[in-house]
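Okay, so here's the structure we're looking at.
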Amino acid sequence: MGAPYPRSPRLEGGAEPSFLPSSSSVWTALGRCVPPSMQGSTRRMGVMTDVHRRFLQLLMTHGVLEERDVKRLQKHCYKVHDCNATVEKLEDFINNINSVLESLYIEIKKGVTEDDGRPIYALVNLATTSVSKMASDFAENELDLFRKALELIIDSDTGFASSTNILNLVDQLKGKKMRKKEAEHVLQKFVQNKWLIEKEGEFTLHGRAILEMEQYIRETYPDAVKVCNICRGLLIQGQSCETCGIRMHLPCVAKYFQSSTEPHCPHCNDYWPHEVPEVFDPEKERETGMSRPNKRSLRSRQH
């Protein structure tokens, strides 16, 4: 969710870089190492300490993490490199890193999962928006399979594309020919790399893909793209008003109607006919000790 995706800067000559700059170029741009004795005093000055460096390196490895895991990662980095320091507020800690990454057109971006509103963080390359950013991890025909899956997902009313419909497009792929069995394995690679989510034989975009590709999706599918009426962010899956047609993310529905006994559409004021999901509560999750507490079926809440 969140504000509409800002327009990304383009590199000169129209060239598109890979998904992220190489680790060596990142560390070179981040400047010299700050001595441990000075790390506490530089924490709010936009200077990378060893704590920040390790945190960034591990986040690059994971690609995307839920907020609770990001906080654990931050504490781990302090324990390793600056155990006597007070752990900085996560927002300030990440803002400090982003101020240094700005010149590389990289940002640690925060979003939320579309199904239940869990906060997530991903390292996003702002200098390129197309699917080609995945080129370092996937072959040409695999990237084309992702594009076709993406198009089906964007065009669908539910935000999901069936594996059958995706696999039926295998004969149209660019590059080396791919059998359907191979395509099934490639789809699982997209799931493992957190670009897609699979649910009961159907696929939708992972929160990482939405954070990474919102601008690309808006520019490539302007007539098919859906926007949340509440947060104005890109909407893949959510609920819609049966009268006026406006759409809302499930977490936005949950928050907007949190205190309403009889929910009404924020646009036309007609009765909202869908089940209102619960607002994600990290404290409640901690108490239950479960990874996905009281979570109803992803598809049962979609319209």
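The protection proxy used here, the mean number of other Cβ atoms lying within 10 Å of each residue, ranks peptides 47-54, 180-187 as follows, highest first: 47-54, 180-187. Once the convex hull of all Cα atoms in region 129-259 is built, its volume per residue stands at 118 Å³. Taking amide H as placed 1.01 Å from N in the peptide plane, residue 227 has its amide H under 5 Å from the amide H of 235, each at least 5 places away in sequence or on another chain. Treating r as the C-beta distance of residue 85 and residue 227 and R0 as 35 Å, the FRET efficiency rounds to 0.25. More than 12 Å apart: what percent of Cα pairs in region 136-186 qualify? When all Cα pairs of region 136-186 are counted, 60 percent exceed 12 Å. In terms of distances greater than 31 angstrom between alpha carbons, the cross-link table entries 71/176; 109/255; 71/189; 79/199; 189/255 yield 71/176; 79/199; 189/255. Computed over region 232-275, the P(r) curve from all C-alpha pair distances, binned at 5 Å from the origin, holds 5, 25, 35, 25, 9, 1 percent per bin. Using 0.36 nm per residue and subtracting the Cα-Cα separation, the extra length available between residue 72 and residue 244 on full extension is 57.6 nm. Kirkwood Rh over Cα pairs of region 94-202 into Stokes-Einstein at 25 °C, 0.890 mPa s: D in µm²/s? D, rounded to a whole number, is 157 µm²/s.
If the segment from residue 180 to residue 264 were pulled out straight at 0.36 nm per residue, it would be longer than the present Cα-Cα gap by 25.7 nm.
Taken together, the values in this text are just the output of simple stated rules run on the coordinates, not laboratory data. Predicted model only: the values in this text are computed from it and were never measured. Cβ: placed from backbone, ideal geometry, glycine included. Neighbour counts: every protein chain shown.
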